[in-house]
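Heads up, the thing below is written out as structure tokens.
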Amino acid sequence: MWVVRPEFHGNGWRTLAIIHLGCIARATHLLPVFGTSFVPDELHFSDSLDVYRAYFVNNNVDHHCHEFLS
């Protein structure tokens with residue numbers, strides 16, 4: 001698996017970009033790198049991209065994804 005991290009500017013703001021839907025070739029699942037502490041019960045799934053600092057991407061999820069990402 002690969003580890004990916006969001007990109008931040010020097011001021012701490014997350015780097016954002018608008019991309020055309022035609023530029024998206026494949027979707028993937030991002031699995032948070034949880035660390036050693038427990039996940040709080042009150043954490044809502046919609047906050048996951050803001051809470052975690054790194055994510056696993058499974059490049060071997062299927063044959064087509066492996067060929068595309070390799």
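The values are calculated or read from the model by the stated rules, or taken from the named source; none is laboratory data. Given the structure is predicted, the values throughout are model-derived calculations rather than measurements. Positions of Cβ are backbone-derived with ideal geometry, glycine not excepted, and every protein chain shown enters the neighbour counts.
Scanning for something modelled with pLDDT of 80 or more and part of a loop (DSSP other than H, G, I, E, B), does the stretch 58-67 turn up at least one residue? Before the answer, list the steps.
From the stretch 58-67, those modelled with pLDDT of 80 or more are none; that's our starting set.
No, the stretch 58-67 contains no residue that is modelled with pLDDT of 80 or more and part of a loop (DSSP other than H, G, I, E, B).
Before we move on, is Leu43 surrounded by 10 or more Cβ atoms within 10 Å (Cβ to Cβ) and in contact with a helix residue (DSSP H, G or I) (Cβ under 8 Å, 6 or more places away or on another chain)?
Details: surrounded by 10 or more Cβ atoms within 10 Å (Cβ to Cβ): yes; in contact with a helix residue (DSSP H, G or I) (Cβ under 8 Å, 6 or more places away or on another chain): yes.
The answer is yes for Leu43.
Does the stretch 3-15 contain any residue that is surrounded by 10 or more Cβ atoms within 10 Å (Cβ to Cβ), modelled with pLDDT under 90 and among the aromatic types (Phe, Trp, Tyr)?
The answer is yes, given that some residue of the stretch 3-15 is surrounded by 10 or more Cβ atoms within 10 Å (Cβ to Cβ), modelled with pLDDT under 90 and among the aromatic types (Phe, Trp, Tyr).
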